[in-house]
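Only one structure is covered here, and it is reproduced in the block below.
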Amino acid sequence: MRGKAAKPRIPDPDPKYGSVLVAKFINNIMKDGKKDAARKGVYEAIEFLAKKTKQEGLTAFETALTNIMPKVEVRSRRVGGANYQVPVPVSERRQRALAMRWIIDAARGSRKSTTFGTTLGNILFDAFNKEGAAYKKREDTHKMADANKAFAHFRV
């Protein structure tokens with residue numbers, strides 16, 4: 001054992017929606033301590049998503065995030081001089097973290113819209129409809145795990 005596991009820090013709920021999930025998303029988007037700019041972009045994206053889906057913004061956001069969350073991933077495992085990609089189930093916390101990371105990466109990668117908020121809104125709308133770059137990343141992860149299920153018996 002390498003030491004004590006760090007206690008997970010739970011941020012204060014965001015002021016507009018009162019959601020810890022949105023607060024974590026804002027913190028992940030934030031760069032160089034510019035929380036206000038990150039918050040503005042996320043709120044714009046959630047409002048955009050609510051308008052496009054005709055649902056409550058927070059509900060649509062949670063659905064989009066759930067659609068991106070991976071259930072299994074592959075981990076490298078060294079057995080007898082060979083490296084195997086072993087499929088392992090993903091914890092709930094890591095599922096959320098990966099989903100947020102993939103959505104943010106997709107939004108930062110495609111700057112077609114005028115503002116970051118509308119770009120992020122489009123990415124979230126794609127995630128809501130189970131399409132787009134972030135959903136493709138999830139599907140690729142699942143395909144990789146499925147292709148390597150023969151090595152599942154090496155799981156720790």
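The values are calculated or read from the model by the stated rules, or taken from the named source; none is laboratory data. Just so you know, these numbers come straight off a predicted model, no measurement behind them. A quick note on method: Cβ atoms are made from the backbone with ideal geometry, for glycine too, and the neighbour counts reach across all protein chains shown.
In the set (1) buried (at least 19 other Cβ atoms within 10 Å of the Cβ); (2) farther than 20 Å from Ile26 by Cα; (3) modelled with pLDDT under 95, the condition left unmet by Phe116 is number (2).
Which helices (runs of 4 or more DSSP H) does the range 1-90 wholly contain that include 2 or more residues that are of a type in the set (Ser, Thr, Tyr) and either closer than 21 Å to Asn122 by Cβ or in contact with a Lys or Arg (Cβ under 9 Å, 6 or more places away or on another chain) (or both)?
Answer list for the range 1-90: 35-53, 57-68.
Can you say whether Ala107 is assigned to a helix (DSSP H, G or I), among the aliphatic types (A, V, I, L, M), surrounded by 17 or more Cβ atoms within 10 Å (Cβ to Cβ) and touching a Lys or Arg at 6+ places or on another chain (Cβ under 9 Å), as far as the supplied structure shows? So Ala107 fails the test.
Residue check: is Ala50 over 16 Å from the mean Cα position of the chain (by Cα) and either surrounded by fewer than 19 Cβ atoms within 10 Å (Cβ to Cβ) or not β-branched (Val, Ile, Thr) (or both)? In short, yes. Take the residues of the range 86-104 that are surrounded by fewer than 16 Cβ atoms within 10 Å (Cβ to Cβ) and not aliphatic (A, V, I, L, M): which is nearest to Tyr135 (Cα to Cα)? Here the answer is Arg101.
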